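Any read-out appearing in this document is the output of simple, stated calculations on the displayed coordinates, not a laboratory observation. This one's a predicted model, so the numbers in the text were calculated from it and none came from an experiment. In this analysis, Cβ positions are derived from the backbone assuming ideal geometry, glycine residues included, and neighbour counts consider all displayed protein chains.
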Amino acid sequence: MSHAVRHTWPPPRLPVSDTPGLSLPRLSFTVETECAERTNKLVGGAARSLLAAIGAPAPVAQKVGDAATVAAHYLVGHSQQSRYQLRIHTDPAGITLAVTDYLERPVDGPPAWLPVARNGQFQRPAADPPHGKDHELDLHRTPDGHISLTHRTPWPRPATPQPAH
C-alpha cells in the first residue's frame, strides 16, 4: 500500500505585525512524550528546533525553548500522569507555549483551569486570564489535578532608528 504525502515548500508565510520584513508561518504544533526524567531537554530542544526551522529569530527560539525545558521539568516532577504534551501556537503577535498533562479531548469544552499562586494555592480566575510577563511561566491546575504551564513571547519589534546628533 502506498501513501501519498504532499509537502508545500516553502511553507506559507504570515506577515508578523509590527515587524517589517519578518514573516513566519502560522502553526500549531504538538509533541507528546512520556512523563519521565530528562524528557524536559527533549521538549526544550523540540521547541527551539521547530522555531528555528520556521525562521524565528534565534533569541526568540532560545527563550521559548528554555521556557519549554523549565515547564517540562516542573511538570515531570509534579504530575501524576504518565504522558504530557508540548503545544506551540504562533500568530501574528507572537508565540504561545503550553506544557500540559491534560491530553483528553474535551467533549463539553476545555477544563476549568485555575491559576496557582507562588504559594501553591488556587487563585480566583480572571474573566480573561492575562498572560504573565513575557519571561514568566503561568501555572494552572484543574480541580482534579491536571497541570498546565503556559508562556507567551511576543515577536520582536524592529529597532527604532535613533536620531543623529
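Compute the distance in nm between two label points, each set 7 Å from the Cα along the Cα-to-Cβ direction, one at residue 81 and one at residue 112.
With each label point 7 Å from Cα toward Cβ, the separation is 1.9 nm.
Report the label-to-label distance for residue 91 and residue 142 in nanometres (one decimal), using points 7 Å from each Cα along the Cα→Cβ vector.
2.2
Testing the spin-label approximation: label points 7 Å from Cα along Cα→Cβ at residue 105 and residue 157. State their distance in nm.
Going by the 7 Å Cα→Cβ label model, 4.1 nm.
Which of 82, 148 comes first, and how do the rest follow, when ranked by fewest Cβ neighbours within 10 Å? Walk me through the numbers on the way to the answer.
Details: 82 10, 148 22.
Going from least to most buried by this count: 82, 148.
Taking the Cα atoms of the range 24-68 alone, what are Rg (to one decimal) and Dmax (as a whole number) in Å?
10.8, 33
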